[in-house]
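Input: a single structure, listed below in structure tokens.
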Amino acid sequence: MEIPKLDLTDTRCPLALLMAKRTCCQLKAGQPLEIHICDAGSRKDIPRYLLNHGFQVQVQSDNPKLLVITVTRRL
């Protein structure tokens, strides 16, 4: 099964954070989502928000140009 992706590479904060919130709130418990982030503010804000609101965040790739995280709603 392929993990759905949310590409926020062309979106800056605060819009990127709002889009991530909306998409992640629709996840069912245990359902993963891969998020691609480029904006410096979003790289900090999105993982912090998700960790504080009942999601597990795992970093898949982190380099200066792109952060890729997998988000899963906690059971």
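Worth a mention:
- Carbon/sulfur fraction of accessible area - region 28-75, other protein chains in place, 1.4 Å, %: 51 percent
- The chain: angle of helix 15-25 to the longest principal axis, Cα-based, in degrees nearest 10: 10 degrees
- Average accessible surface area per residue within region 13-75, 1.4 Å rolling probe, Å²: 59 Å²
- Those aspartates and glutamates that a straight Cα-Cα span of less than 12 Å connects to K5, excepting residues fewer than 8 apart in one chain: E34
- Viscosity 1.002 mPa s, temperature 20 °C, Stokes-Einstein D of the chain from Kirkwood C-alpha radius, µm²/s: 178 µm²/s
- Residue by residue, region 49-57 carries 3J(HN,Hα) couplings of 4, 5, 4, 7, 10, x, 10, 9, 10 Hz when phi is fed to the Karplus relation 6.51 cos²θ - 1.76 cosθ + 1.60 (θ = phi - 60°); x denotes Gly or Pro.
- Amide H within-cut-off set for Q31, under 5 Å, with H built and near neighbours excluded: R73
The values are calculated or read from the model by the stated rules, or taken from the named source; none is laboratory data. All values derive from a computational prediction rather than experimental measurement. Ligands, DNA and RNA are stripped out before the accessible areas are found, and what is left, the full protein with its side chains, is counted by its heavy atoms. Shrake-Rupley method; radii C 1.70, N 1.55, O 1.52, S 1.80 Å.
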